[in-house]
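Encoded as structure tokens, the structure appears first; notes follow it.
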Amino acid sequence: MSEGELKDRNSEGTLRTQHQMDLNQWKINRVLVKPDVALDRMFKFTRAEVEHIFQNLDAEKVQKAKGGQDVRVKMVDFDTGTEHELLLRKVRHGDVYGFKLGWLTHFVVRMRLKVGEGIGMFVDQNSSKFYFSTLSRAER
């Protein structure tokens, strides 16, 4: 993914790329449910989503995460062109992983995400960065 792809804006000034039109690009693709946006919860990934993350994140970060250490990752918001730091964390019991620090502040609150809205994410193998987009909005 080239940085040049992030520079195209639509008539409303919102960043858009051809990747947003291809839902297959968004390997982590879901409609938000209450635990995803709850202020006291972490955003948890499914096993398939974790597999995608670990296949594309650099090996050092994967080993740290599997070992139970918190891992700082960058996430680029396709909709605004901003970059944010989040904390990828393993839940204490089992092989469950999710975002703890950063998800609520940088995405749920800032973007005013709600239950029923569709989001997409993927990890770019070259940069080990996550990319995020709001794919559909709930009626407001």
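Numerical summary
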read-out: 28 Å Cα-Cα reach of LYS66 towards lysines, excluding residues that sit fewer than 8 places from it in its own chain; value: LYS27, LYS34, LYS44, LYS74, LYS90, LYS100, LYS129
read-out: Rg/Rh for the range 35-140, where both radii come from Cα atoms and Rh is the Kirkwood radius; value: 0.95
read-out: For the range 92-140, the fraction of alpha-carbon pairs in successive 5 Å shells from zero, as %; value: 5, 15, 21, 24, 17, 13, 4, 1
read-out: Hz values of 3J(HN,Hα) by residue in the range 93-105 - Karplus curve (6.51, -1.76, 1.60), Gly and Pro given as x; value: 10, x, 9, 9, 10, x, 8, 10, 6, x, 4, 5, 5
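No lab work stands behind these numbers, since they all come straight from the coordinates. What you are looking at is a predicted structure, and each value in this text was computed from that prediction instead of being measured.
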